[in-house]
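For reference, the structure discussed in these notes is given below.
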Amino acid sequence: MRAMRKRPGEAWEPIEVANELKPLQQEVGGYLESVTLAEDACILCDEEGRLKGKPYNTTVCGVPFVGTILIVGVAGEDSSDLTLEQEAALRHIGIIKEE
């Protein structure tokens, strides 16, 4: 599945990750928490990131995130590919930005 990944102190990058629980958990380093960005996109992060003392990553829509995060597409209740059009829209509104 195509996603955008942001690690603390690094720029956003497109990645391919299996659309399965274990690989997604490995990417964020813990149990998945999903934060809705839009009807068709969400952020996946480690739900215990703050408790684990993970470093600050970025702020999205006023919400600070720690540790590695992913932006993925959403299809119903499932994760899906983040399309190039979705990525372009997220860049346009300043969610994905060059840091």
(request) May I ask you to say which residue of Leu44, Leu70 is in contact with a Lys or Arg (Cβ under 6 Å, 6 or more places away or on another chain), part of a strand (DSSP E or B) and crowded, with 19+ Cβ neighbours inside 10 Å? (result) Leu70
(request) Within the stretch 6-29, identify whether any single residue is in contact with a Leu (Cβ under 6 Å, 6 or more places away or on another chain), part of a strand (DSSP E or B), closer than 16 Å to Val72 by Cβ and open to solvent by 30 Å² or more (accessible area, probe 1.4 Å), and answer yes or no. (result) no
(request) Please state which of the following conditions Pro64 fails to meet, knowing it meets all the rest: (1) in contact with a Ser or Thr (Cβ under 9 Å, 6 or more places away or on another chain); (2) surrounded by 16 or more Cβ atoms within 10 Å (Cβ to Cβ). (result) (2)
(request) Restricting attention to the stretch 73-89, report how many residues are out of contact with any Lys or Arg (no Cβ under 9 Å at 6 or more places or on another chain) and assigned to a helix (DSSP H, G or I). (result) 4
(request) Read through the list (1) closer than 18 Å to Arg5 by Cβ; (2) in contact with a strand residue (DSSP E or B) (Cβ under 8 Å, 6 or more places away or on another chain); (3) among the basic types (Lys, Arg), then give the number of the only condition that Arg50 fails. (result) (1)
(request) Inspect the stretch 49-60 for any residue being under 19 Å from Glu87 (Cα atoms) and hydroxyl-bearing (Ser, Thr, Tyr) and give the result as yes or no. (result) yes
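The values are calculated or read from the model by the stated rules, or taken from the named source; none is laboratory data. Values in this document were obtained by computation on a predicted structure and should not be read as measured data. Don't worry about glycine lacking a Cβ; one is built from the backbone with ideal geometry, like all the others, and counts go over all protein chains shown. Just the protein is used for accessible areas: all its heavy atoms, side chains included, with ligands, DNA and RNA removed. Shrake-Rupley method; radii C 1.70, N 1.55, O 1.52, S 1.80 Å.
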